[in-house]
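Have a look at the structure below, then the notes.
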Amino acid sequence: MRLVEQIIADMRQPQTDAKAIGDMPGNAPGVSAAARAHAEQRLSLGLSLSDMVAEYRALRASVVRHWFSLSLDNAKLSTRQLVRFNEAVDQALTESITCYSHSLQRIRDISVGILAHDLRTPLGAIANSAQYLMLKGELPEQPLRAAANIHRSSQRAQVIVGDLVEFTRIRLGGMLPIEARPALLDQICEHALTEIDALHPEQAVTARFSGDLAGVWDAARIEEMLVNLLENAIDHGRQDGNITLEAIGHDNTVTLSVTNEGNPISPEDRRTLFDPLKRQNRSPTPRRAGAGLGLGLFIAREIATAHGGSISVTSSHLTCFKVTLPRKPL
């Protein structure tokens with residue numbers, strides 16, 4: 001009822017050509033507010049988007065049908081008012097659809113974030129139990145190998161769940177939060193290499209450090225970014241190819257680069273490389289099945305951006321992801 005009242009109030013206001021052609025989206029704020037409230041109510045009641053649109057269709061049809069059943073003296077005025085009514089309904093419908101879609105996506109993001117967060121505890125328990133069996137030293141060879149596989153798989157699952165948690169946090173909160181403190185980039189790199197070695201003991205990574213690598217960063221986030229870039233290099237690099245991690249200190253910035261050998265990335269793929277949930281298919285023989293959700297590069301970019309830095313990629317016979325960071329977050 002409130003929506004209909006706002007539409008009537010809008011129809012009583014002076015019309016302008018700008019609104020008639022859709023150039024005044026801020027016009028009739030009462031209609032927009034009522035439409036958003038209507039969408040939120042319909043979502044809370046469990047109605048689908050199609051159900052809500054059907055309500056608008058029924059409103060329009062019933063009003064127009066009643067309109068033409070009336071004997072109106074001024075046909076020109078009647079037609080003009082009918083146009084105003086349709087414009088107001090279209091504005092309300094657009095607002096309702098937008099609000100419904102955004103609210104529904106937010107609910108989904110929150111649900112996924114809760115699910116991913118809750119999965120961390122059982123996955124941690126699986127990883128710790130497998131590690132306990134490995135360190136016990138009492139298992140025969142085959143069960144020990146099975147425990148090692150469980151441990152690696154659970155660690156990989158924890159990485160995927162962690163990416164999902166970060167993705168929903170970014171979706172819900174905008175920019176990724178960071179806690180910057182004095183740190184040494186070479187130490188951060190070493191920690192990332194240790195994690196990669198635990199996940200992929202078969203993969204050797206060459207590390208090179210030069211220049212002043214001291215700065216103020218969120219060390220845990222930078223390590224997470226490096227692990228994502230290194231995992232990307234392992235997933236899409238040539239199986240017998242070299243992978244290099246390099247950190248170089250400059251005057252006011254530092255650069256981090258992860259380079260791998262393998263198939264080049266096409267210009268088309270580069271345009272969407274950092275998009276969330278974008279799975280890459282650069283390798284004809286993927287190193288790992290189900291490597292992830294396609295969030296690693298997206299999160300790496302968000303971490304660089306949160307520090308006031310940037311990330312870029314060049315690709316030919318070598319693919320290089322290069323991160324430039326200020327010594328302090330901007």
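The values are calculated or read from the model by the stated rules, or taken from the named source; none is laboratory data. For clarity, every value in this text was computed on a predicted model and none was experimentally measured. Note that each Cβ is placed from the backbone with ideal geometry, even for glycine, and that neighbours are counted across all protein chains shown.
What to note about this one:
- Whichever residue in segment 198-226 is out of contact with any Lys or Arg (no Cβ under 7 Å at 6 or more places or on another chain) and assigned to a strand (DSSP E or B) and, among such residues, is farthest from residue 254 (Cα to Cα): 206
- Qualifying residue in segment 24-34 (condition: outside any helix (DSSP H, G or I) and either surrounded by 15 or more Cβ atoms within 10 Å (Cβ to Cβ) or modelled with pLDDT of 85 or more (or both)): yes
- With respect to the conditions (1) closer than 19 Å to residue 166 by Cβ; (2) at pLDDT below 95; (3) outside any loop (DSSP other than H, G, I, E, B), residue 270 falls short on a single one, namely (1).
- Considering segment 227-241, the residues that are outside any helix (DSSP H, G or I) and not charged (D, E, K, R) include one that is surrounded by the fewest Cβ atoms within 10 Å (Cβ to Cβ), namely 239.
- Checked against (1) assigned to a loop (DSSP other than H, G, I, E, B); (2) modelled with pLDDT of 75 or more, residue 15 meets all criteria but (2).
- Looking across segment 315-330 at every residue that is assigned to a strand (DSSP E or B), out of contact with any Gly (no Cβ under 8 Å at 6 or more places or on another chain) and of a type outside the set (Ser, Thr, Tyr), the one that is surrounded by the most Cβ atoms within 10 Å (Cβ to Cβ) is identified as 321.
- Where residue 222 falls short, out of the listed (1) touching a helix residue (DSSP H, G or I) at 6+ places or on another chain (Cβ under 6 Å); (2) over 30 Å from residue 330 (Cα atoms): (2)
- Candidate set: segment 42-66, residues that are exposed (fewer than 10 other Cβ atoms within 10 Å of the Cβ) and hydroxyl-bearing (Ser, Thr, Tyr); chosen: the one farthest from residue 95 (Cα to Cα): 44
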